[in-house]
Each structure stands twice: as structure tokens, then as C-alpha cells.
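Chemist: Pasting a structure below so you can have a look.
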Amino acid sequence: MAPNSWSQPIEGSSSQREEDPFPWHHLEERESLLRNALDEKMADLVQFLLLKYRMRELTTKAEMLNSVIKNYGEHFSVIFGVATECMQLVFGIDVKEVDPSGHTYAIVNALDLTYDGMLGDDQSMPKTGLLIIILFVIFMEGNSANEEIVWEALSVMGVYAGREHFIYGNPRKLVLEDLVQEQYLEYRQVPGSDPACYEFLWGPRAHAETSKMKVLEYLARISGSEPRSYPSLYEEALRDEENGVHV
């Protein structure tokens, strides 16, 4: 016997149901509306958390529910989870629970880094996320990374040297000037290269403020894996931790 099609009248059903089969398309429309609404709430929550970060203010679950989530409280965990992942990956900002009993959160720079590249105006956004990616690429490439490799890695995020970015502004200036001047990156000619090519290394400020293990743990966490999933990198980071060095 051929299986019933959901789009065909069901045998034995009323004439009304035969004329109007089960409205699956209405369910799909409602699911689509819910997804769109949740996406909008996630974007709103990211903007809310960025505002709290700029103002150096704490926030609470109750405040997020009342100010942003509102009628979608039952989906708070999903909305909050995606929003905080976005804060981590895109902006390099952690949302840390500092008072579990009151569900109070602090919005802070990741990895104890003290520079966020913000210009002090309301439209500027944290740029720590880009720095963390570059530090990881340098670590992964054996503690020095050819300039072409760094830009290739950033292109995966839609960041290109000669193209203005809506979050990072002028990426070339940010990487080659700002992060170098702030001593998070060292930019030098590859020894003996002819024609000249250039490479990035961790700068002294990166060495002082963070470590390979912190960078590895951070990237592993936001990718849903464990630091041990990268055996050679983990072993190198562990050796540095045991020796008390960040280089």
C-alpha cells in the first residue's frame, strides 16, 4: 500500500479536513517567525551587553529579561548562550557570572588583556577578538607567522587588509599600527628574506598580560573542544606554564 501523503486528504476524514489538509505550512511559518524573533533578540542582547561593557556596569538576568528578552523568557538560555558566544568570538569579551545567587554578570575583556581598541565614542566596538585570533595564529605557526598567513586567517572572518570592516574599521591600520604600537604584536622583516617579507610575533605586552595556555583554552572553549584536542600546542603551552614563561 502506498503511504499517505501529508498533502492529500486522509481517508475517513471529514469533508472539511479533505478540503483543508493538516496545515503543516502554517507550523513552518510560525517556526520561521520564532527563529527570526529569537535572532532579533540575540542581536538586541549583544547590543545591550556592549553598552554595559562601555559603561563598565554589571547586569543581571532579571535586567536582561526585563529590558531585552521580555516575552521570550522561556528561550532565555538559548538567546543568552548565542549572544555570549558572539561576544567572545567577535569582540573578545567575556560575560562572567560574578554572583550566582543573584545571577549577576560582569562584561570584561577576555584573557586579562587590557586593550580593546575602542575610540571612546558610542559607535566604537571592542577589537580584542581580532587580537586573540592573531595571537593564536602566531602560536599555531610556531611563534612567528608570515604576514600572508595572518591575513589569510583573518579573511575567513571576512577581514581583509584593504577593506573597511564594520567592527574593526581599517584592519591594516589596526594590525600594523595600533596593535604594534600598543606592543601586543611585533612586526619585523623575516631574517635573510630577499625580496623582503614580514612576519608577526607576540609583542611584550601580550607576553605580560596573557599566555599560550590562556589563548588555547579560550579558542578551544568557543569552538566547543578541549585544549588537549591540539596535542602539540597543548604540550608547548603546558611547558611554558610549568616553566613560568608566557613566551
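Read the figures in this text as sums done on the coordinates, not as results from a lab. From a predicted model like this one, the values you see are computed outputs, not experimental measurements. Here the Cβ is made from the backbone with ideal geometry for all residues, glycine too, and neighbour counts use every protein chain on show.
Chemist: Hand me the GluC sites (Glu not before Pro) from the stretch 84-185 located in a DSSP loop with no more than 10 other Cβ atoms within 10 Å, in residue order please. Spell out each step's value before the answer.
Modeler: Numbers: sites: GLU85, GLU97, GLU141, GLU147, GLU148, GLU152, GLU164, GLU177, GLU182; in loops: GLU141, GLU164, GLU182.
Passing sites in the stretch 84-185 are GLU164.
Chemist: Share of Cα-Cα pairs in the stretch 98-247 beyond 27 Å, in percent?
Modeler: On the way: 2857 of 11175 pairs.
When all Cα pairs of the stretch 98-247 are counted, 26 percent exceed 27 Å.
Chemist: Under a plain spin-label model, where a point goes 7 Å from the Cα along Cα-to-Cβ, how far apart in nm are GLU148 and LYS61?
Modeler: Using points 7 Å along Cα→Cβ, the separation is 5.1 nm.
Chemist: Also, I was wondering about something else. For LYS41, go through the lysines and keep the ones whose alpha-carbon is under 16 Å away, minus same-chain ones fewer than eight residues off.
Modeler: LYS61, LYS70
Chemist: Would you order THR104, THR128, THR210 from fewest to most other beta-carbon atoms within 10 Å of each residue's own beta-carbon?
Modeler: Ordered from fewest to most neighbouring Cβ atoms within 10 Å, THR104, THR128, THR210 come out as THR104, THR210, THR128.
Chemist: Taking 2.2 N^0.38 Å as the expected size of a compact globular protein, what ratio does the Cα radius of gyration of the stretch 112-168 give against it, to two decimals?
Modeler: Scaled against compact globular proteins, the figure is 1.22.
Chemist: Hey, fewest Cβ within 10 Å first, where do TRP151, TRP202 land in order?
Modeler: TRP151, TRP202
Chemist: Hey, another quick one. Quick one, what does Rg over Rh come out to for the stretch 128-210 if you take C-alpha atoms and the Kirkwood Rh?
Modeler: On the way: Rg = 12.2 Å, Rh = 12.9 Å.
Radius of gyration over Kirkwood radius for the stretch 128-210 works out to 0.95.
Chemist: From the C-alpha coordinates alone, can you work out the Kirkwood hydrodynamic radius of the stretch 85-134, in Å?
Modeler: Values: mean 1/r = 0.0865 Å⁻¹.
It works out to 11.6 Å.
Chemist: Neighbour counts of other C-beta atoms within 10 Å: give me ASP94, ASP194 arranged from fewest to most.
Modeler: Numbers: ASP94 19, ASP194 7.
Fewest-to-most ranking of ASP94, ASP194: ASP194, ASP94.
Chemist: Right, next: Take the Cα gyration tensor of the stretch 24-110, multiply each eigenvalue by 5, square-root it, and list the three semi-axes largest first, rounded to whole angstrom. Display every interim value, and only then the final one.
Modeler: Numbers: eigenvalues 136, 39, 20 Å².
Largest first, the stretch 24-110 gives 26, 14, 10 Å.
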